[in-house]
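Asker: Take a look at this one; I'll ask things after.
The values are calculated or read from the model by the stated rules, or taken from the named source; none is laboratory data. This is a predicted model, so every value here is computed, not measured. Quick reminder, even Gly has a Cβ in these numbers, built from the backbone with ideal geometry, and neighbours come from all protein chains shown.
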Amino acid sequence: MPKQIVISKLGGPEVLEYQNYELSDQINDNEVRIKHTAIGLNYIDTYHRSGIYPLPSDLPVCPGLEATGEIIKIGSKVKDFNIGDRVAYATTPMGAYCEIRDFPNEKLIKIPDNLNNDEVASILLQGMTVEYLFERLYKIKKDEFILFHAAAGGVGLIACQWAHSVGCKMIGTVSNKEKEDLALKYGCQYVINYKEESVPEKVMEITSGQGVPVVYDGVGQQTFDDSIKSLSTRGLMVSFGQSSGMVEEKDLHKTFNPKSLFYTRPTLMHYTLNRNELLNCANKLFKKMHDGEIKTNIYKKYKLKEAKIAHETLQSRKSFGSIILEP
Ligand SMILES: NC(=O)c1ccc[n+]([C@@H]2O[C@H](COP(=O)([O-])OP(=O)(O)OC[C@H]3O[C@@H](n4cnc5c(N)ncnc54)[C@H](OP(=O)(O)O)[C@@H]3O)[C@@H](O)[C@H]2O)c1
């Protein structure tokens with residue numbers, strides 16, 4: 001019998017249980033059956049597990065939104081994929097933390113020959129996020145300053161490299177010296193240790209008092225106010241996550257009026273709305289990887305049954321780069 005991780009109640013990493021499950025002989029017309037080779041661990045999985053984000057269905061559920069694998073069966077209406085294809089996905093329906101599953105073919109991506117399955121599982125969701133944040137939500141530019149929080153994390157190290165490839169002067173925040181060195185190595189131009197230094201003060205020093213035109217903030221509660229203070233007049237606050245907790249309610253006038261600021265709370269799914277957008281987004285990432293501008297950074301590969309430890313590691317702030325699970 002195949003194995004999966006199941007959440008039967010919301011809570012800490014301890015609610016992730018490793019169990020057998022049954023797989024039907026039947027497959028839906030527009031789906032393919034994938035034997036997973038690697039599963040991507042993302043911070044959003046911890047939001048689903050703890051209840052910060054609502055789950056798509058009643059408990060119990062199998063979590064996870066990203067994986068790679070090989071197609072072992074195809075539905076009768078599937079035209080673009082064949083048995084044996086190496087494929088990846090980084091979106092709903094949830095249920096990636098398992099050995100084998102069925103998945104809708106219109107949300108599936110073929111893995112380019114030059115990339116291996118582990119690499120792709122470690123970068124697809126986080127890399128596509130950087131693509132829409134830097135290329136479409138707000139187009140970052142050569143010689144322009146940007147502020148990006150948690151610059152040595154999974155999304156962060158990809159952001160360092162993407163910004164460097166454009167010639168953009170990324171200011172990244174990190175929590176310790178090791179992460180500081182890593183962010184700089186990956187192309188971040190300036191780093192601020194936000195545990196020890198004032199972020200707005202450092203940003204104003206680096207930008208000669210101007211502030212940055214855009215802040216990418218995936219840390220949330222602990223950084224929101226400093227992000228607002230670091231923006232230039234008419235700057236854009238991109239609040240794309242909350243690894244430190246949900247941002248508390250804000251007074252809109254007091255927060256945004258003093259500098260006529262803009263605010264957005266984006267999500268990858270709304271920037272990959274149809275097949276065309278999805279493939280363009282993934283292909284831009286794959287091209288950057290092919291051109292050597294973006295490299296993967298796998299911090300650790302855990303067994304699927306060690307999902308609890310993997311979640312603990314991600315939330316401990318000890319990891320850098322990406323974490324994958326091996327089914
Ligand atoms: N909206 C979207 O489309 C989208 C898509 C993908 C990811 N995201 C978001 O992007 C962010 C980064 O995701 P990721 O998977 O790459 O995670 P990650 O950055 O590898 O891990 C989170 C990092 O947040 C920092 N952090 C600051 N305060 C923290 C706290 N109190 N507890 C835990 N971590 C804290 C830590 O870095 P330091 O030790 O350096 O502080 C930690 O390493 C998350 O908020 C995620 O939800 C959003």
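Asker: Exactly one of these conditions fails for Glu131: (1) touching a Gly at 6+ places or on another chain (Cβ under 9 Å); (2) within 14 Å of the ligand (Cβ to nearest atom). Give me its number.
Answerer: Unmet for Glu131, out of (1) touching a Gly at 6+ places or on another chain (Cβ under 9 Å); (2) within 14 Å of the ligand (Cβ to nearest atom): (1).
Asker: Given the conditions (1) crowded, with 18+ Cβ neighbours inside 10 Å; (2) over 25 Å from Met269 (Cα atoms), which single one is not true for Leu23?
Answerer: (1)
Asker: Moving on. Taking the condition of being under 18 Å from the mean Cα position of the chain (by Cα) and farther than 25 Å from Lys195 by Cα, how many residues in segment 134-161 meet it?
Answerer: 5
Asker: Would you call Lys177 surrounded by fewer than 19 Cβ atoms within 10 Å (Cβ to Cβ) and within 14 Å of the ligand (Cβ to nearest atom)?
Answerer: When the stated conditions are applied, Lys177 passes them.
Asker: Still on this structure, please answer the following. Among the residues of segment 139-149, is there at least one that is crowded, with 24+ Cβ neighbours inside 10 Å and touching a Gly at 6+ places or on another chain (Cβ under 7 Å)?
Answerer: Within segment 139-149, one or more residues are crowded, with 24+ Cβ neighbours inside 10 Å and touching a Gly at 6+ places or on another chain (Cβ under 7 Å).
Asker: So, in segment 283-327, of the ones that are within 14 Å of the ligand (Cβ to nearest atom) and among the small types (Gly, Ala, Ser), which residue ends up surrounded by the fewest Cβ atoms within 10 Å (Cβ to Cβ)?
Answerer: Ser316
Asker: Same structure, new question: Just give me the residues in segment 1-38 being in contact with a His (Cβ under 7 Å, 6 or more places away or on another chain) and part of a loop (DSSP other than H, G, I, E, B), in sequence order.
Answerer: none
Asker: Among the candidates Gly40, Gly51, single out the residue that is on the phi > 0 side of the Ramachandran plot and within 15 Å of the ligand (Cβ to nearest atom).
Answerer: Just one listed residue meets the conditions, Gly51.
Asker: May I ask you to say which residue of Ile206, Ile228 is in contact (Cβ under 8 Å) with a residue 40 or more places away in the chain, away from the ligand (no atom under 16 Å from the Cβ), surrounded by 12 or more Cβ atoms within 10 Å (Cβ to Cβ) and not assigned by TED's automatic domain parsing to the domain that holds Glu106?
Answerer: That would be Ile206, the only listed residue that is in contact (Cβ under 8 Å) with a residue 40 or more places away in the chain, away from the ligand (no atom under 16 Å from the Cβ), surrounded by 12 or more Cβ atoms within 10 Å (Cβ to Cβ) and not assigned by TED's automatic domain parsing to the domain that holds Glu106.
Asker: Further question: Yes or no: segment 254-277 includes at least one residue that is closer than 18 Å to Ala38 by Cα and either of a type in the set (Val, Ile, Thr) or not assigned by TED's automatic domain parsing to the domain that holds Ile171 (or both).
Answerer: Checked segment 254-277: no residue is closer than 18 Å to Ala38 by Cα and either of a type in the set (Val, Ile, Thr) or not assigned by TED's automatic domain parsing to the domain that holds Ile171 (or both).
Asker: Could you tell me whether any residue of segment 287-299 is part of a strand (DSSP E or B) and touching a residue at least 12 places away in the same chain (Cβ under 8 Å)?
Answerer: Looking through segment 287-299, at least one residue is part of a strand (DSSP E or B) and touching a residue at least 12 places away in the same chain (Cβ under 8 Å).
This table checks each residue for (1) in the same structural domain as Ala163 (by TED's automatic domain parsing); (2) over 26 Å from Gly241 (Cβ atoms); (3) within 14 Å of the ligand (Cβ to nearest atom); (4) outside any loop (DSSP other than H, G, I, E, B).
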{"residue": "Ile71", "(1), (2), (3), (4)": "no, yes, no, yes"}
{"residue": "Phe81", "(1), (2), (3), (4)": "no, yes, no, no"}
{"residue": "Thr92", "(1), (2), (3), (4)": "no, no, yes, no"}
{"residue": "Phe103", "(1), (2), (3), (4)": "no, no, no, yes"}
{"residue": "Pro112", "(1), (2), (3), (4)": "no, yes, no, no"}
{"residue": "Ala150", "(1), (2), (3), (4)": "yes, no, yes, no"}
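Asker: Tally up the residues in segment 39-69 that are surrounded by 24 or more Cβ atoms within 10 Å (Cβ to Cβ) and part of a strand (DSSP E or B), please.
Answerer: Looking only at that region, the number is 7.
Asker: Mind checking which residues of segment 124-148 are of a type outside the set (A, V, I, L, M, F, W, C) and assigned to a loop (DSSP other than H, G, I, E, B)?
Answerer: Tyr138, Lys139, Lys141, Lys142, Asp143, Glu144
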